Amino acid sequence: MPPPIDRARWFSEEVDPHRGALRAYMQRAFPGVRDVDDVVQDSLLRIWTASAGRQISCARAFLFKIARNRALDLLRHDQASPLVAVRDLAGLSVAEEAHSPSDALSTTEKIELVAAAIADLPERCREIVVLRKLSGFSQREVATRLGLSERTVEVQVARGTRRCGEFLRRCGLTAADANR
């Protein structure tokens with residue numbers, strides 16, 4: 001590990017000069033990333049942290065690789081749980097839907113039913129579904145964290161989601177009802 005002064009000099013000479021180019025690359029290559037500045041800042045922090053434990057031979061390539069991977073993670077996360085920012089709620093058009101018996105359920109009751117559906121899953125499946133769907137970890141992050149293959153995580157999430165849906169249907173609640 002290089003001394004702190006050498007590391008700071010390395011960072012200011014080898015990494016920081018690429019900040020502008022990295023920002024431009026991120027905007028061009030990943031237009032779907034909401035906050036490019038956060039990705040750039042996070043990438044700079046990650047390369048600084050990585051440099052404490054090992055020597056980095058090509059700072060520019062390593063920095064761009066970190067930023068690319070971070071952007072892909074964010075895009076995957078947004079794809080798994082898309083959120084759309086709405087500035088004016090009053091301007092949204094709301095369609096009236098026919099009332100079903102499940103409309104009478106309160107939000108608390110719906111949450112309790114979904115929690116019961118998750119609790120009904122086998123332990124390993126429940127752990128994977130909670131990490132992936134509720135905690136927002138990527139498939140790769142869940143696999144790494146639990147020492148599983150990504151395919152196993154994918155299969156378990158699909159099974160868990162299907163079993164939760166079946167549980168809710170047995171309780172008279174559809175997935176659309178649970179989302180209301």
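The values are calculated or read from the model by the stated rules, or taken from the named source; none is laboratory data. Nothing here was measured: the structure is a model prediction, and the numbers come from that model. As a convention, Cβ positions derive from the backbone with ideal geometry for all residues, glycine included, and neighbour counts pool all protein chains shown.
For the range 57-83, filtered to residues that are surrounded by fewer than 16 Cβ atoms within 10 Å (Cβ to Cβ) and within 26 Å of ASP6 (Cβ to Cβ), the residue that is modelled with the lowest pLDDT is SER57. Among the residues making up the range 18-60, those that are within 20 Å of ALA8 (Cα to Cα) and in a loop (DSSP other than H, G, I, E, B) are ARG54, GLN55, ILE56, SER57, CYS58. Checked across the range 39-50, the condition of being modelled with pLDDT of 90 or more and either of a type in the set (Asp, Glu) or closer than 30 Å to LEU173 by Cβ (or both) holds for at least one residue. Within the range 113-133, the set of residues being without any contact (Cβ under 8 Å) to a residue 24 or more places away in the chain and outside any helix (DSSP H, G or I) comprises just one member, PRO122. All of (1) over 20 Å from GLU109 (Cβ atoms); (2) modelled with pLDDT under 90; (3) not in a loop (DSSP other than H, G, I, E, B) hold for GLY136 with one exception: (3).
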